[in-house]
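A short write-up of the structure that comes next.
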Amino acid sequence: MRNILCNILNPVSADRIEFLPRHVISIEQGIIQSIIPAEAQELTDVEDFSDCLALPGFIDLHVHLSQYRMRGLYEPALLPWLNKYVFPEEARSAETGYATDLAKQFYQALCQAGTTTSIIYTAPSEAACEAAFAVAEEIGIRAMIGMTMMDQNSPAGLVQSTTKSLDTSFALYERWHGKNPLLDYIFTPRFAPTCSMELMKEVSRFAYDHNSWIQTHLSENTDELAWVKDLFGLNSYTEVYEKAGLLTPHSIFGHAIHLTNIELSMLKANEAKLAHCPDSNFYLKSGEYPMQRILEAGIEFGLGSDVGAGTTLNMLHHAKMMNFRQSSLSVMPANALYHITLGSARLLGMESRIGSINAGKDADIVLLKPPVGYPISEQSLSQLVFFGNEFEVKHTMVAGRVVHNQTD
Ligand SMILES: [Zn+2]
């Protein structure tokens, strides 16, 4: 049993975070047993984190593990950036040694940033995805991981035949689904231009039969939209995925920027989910996420770092960008934090286990220390969202297992 004295910021709803100063969180066998005011009990065997805020571990809904080392390499639009930097770097992960070292570095950075759950794309090779799973299991990360699928319009070294891409994905699913309670497979067609209709339909068929998750990119950049129109000739980008059968309640679409109201209705009707990646969208000058319209349409979304087009794994940075990348909509701190915690847990159907600090949930917890001169109070929430990078991540745990511990 661990007893941790700390100050809790706990998401309750999309616009409310509860502040619980000086409470003791008791954890046993990875599960939160109780949360009790410090004054209400005898303090024995208590670890003193009273100078820290405790939050549920952060959730990153969209991140490319195999792009971690090419962050910050700039090309001012999606398609040239992919060709110049992303594809050559992803090709390197076909080598198991490289992919394993990279996965270790990536997860260590995630844990240091307080992220405990990630929805991950790996490079399009079995070795890259297998290494990502193996290292995640060793460290104790919570994640859904998928091998990026590309069977057309892709460079040599990355492109796979339709059969090979499908068979490898199915084999990875069979190997990792249900093996470890923290890990699952997610089918990952990269985006419509590099995926044949046949491949997408087969993914849809398998995912439907197995009730499994799917992720891809949707409507990020206007040149990409024109390319999709040329390739598939349908009325809209979203219609391509609808025709392929990829619009499901277990599908997460990254970006979703240039969408018509008809497309929003299609996404809503199918209960599809979105990963909003504000840092990436302005790095590549893709455009502004139509948040007001998406809220009005009632489509669920959470935040993604989209590393490597996003520049950091720190989800507090992306919470700030959720506000900064809206030209007129003000996103309140509680709402931004919700989208990297409880909101994303709900979206993933994992609310009973993660997303907030409550008795009975898994102990996915991050402890953060404010900078000198900023005493802990109800105002810490707003400070955390707007200069979270200055808070020290002292301690991160996933299902009670310590995955990061900063010793001074
Ligand atoms: Zn992405």
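The values are calculated or read from the model by the stated rules, or taken from the named source; none is laboratory data. Everything quoted here is computed from the prediction, not taken from an experiment. Backbone-built Cβ (ideal geometry, glycine too); neighbour counts: all protein chains shown.
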| request: Out of the residues in region 50-67 that are among the small types (Gly, Ala, Ser), over 16 Å from Arg142 (Cα atoms) and more than 16 Å from the ligand (Cβ to nearest atom), state the one that is surrounded by the most Cβ atoms within 10 Å (Cβ to Cβ). | output: Ala54
| Answer residue from region 218-241, given it is of a type in the set (S, T, N, Q) and away from the ligand (no atom under 16 Å from the Cβ) and is surrounded by the fewest Cβ atoms within 10 Å (Cβ to Cβ) among those | Asn235
| remark: By my count, helices (runs of 4 or more DSSP H) wholly in region 71-175 with at least 2 residues that are polar (S, T, N, Q), surrounded by fewer than 19 Cβ atoms within 10 Å (Cβ to Cβ) and out of contact with any strand residue (DSSP E or B) (no Cβ under 9 Å at 6 or more places or on another chain) are 96-112
| Qualifying strands (runs of 3 or more DSSP E) (wholly inside region 197-301; at least 3 residues being under 25 Å from Ser328 (Cβ atoms)) | 251-255, 273-276
| field | Index of the failed condition, Leu284 passing every other in (1) within 16 Å of the ligand (Cβ to nearest atom); (2) modelled with pLDDT of 95 or more; (3) not polar (S, T, N, Q) | value | (2)
| Residues that are surrounded by fewer than 22 Cβ atoms within 10 Å (Cβ to Cβ) and within 16 Å of the ligand (Cβ to nearest atom), drawn from region 242-256 | none
| task | Output the number of residues of region 287-302 satisfying the condition of being away from the ligand (no atom under 16 Å from the Cβ) and either closer than 22 Å to Pro76 by Cα or in contact (Cβ under 8 Å) with a residue 12 or more places away in the chain (or both). | result | 10
| Yes/no for Gly114 being touching a helix residue (DSSP H, G or I) at 6+ places or on another chain (Cβ under 9 Å), in the same structural domain as Tyr68 (by TED's automatic domain parsing) and under 16 Å from His404 (Cα atoms) | yes
| message | I'm trying to understand the selection: among the residues of region 211-228, which are more than 30 Å from Phe282 (Cβ to Cβ) and either touching a Phe, Trp or Tyr at 6+ places or on another chain (Cβ under 7 Å) or outside the structural domain of Asp306 (by TED's automatic domain parsing) (or both)? | response | Ser212
| task | Enumerate the pairs (first residue in region 164-179 and assigned by TED's automatic domain parsing to the domain that holds Val135; second residue anywhere and loosely packed, with under 14 Cβ neighbours inside 10 Å and outside any helix (DSSP H, G or I)) with beta-carbon separation below 9 Å, excluding pairs fewer than 6 apart on the same chain, so at least 6 apart or on different chains. | result | none
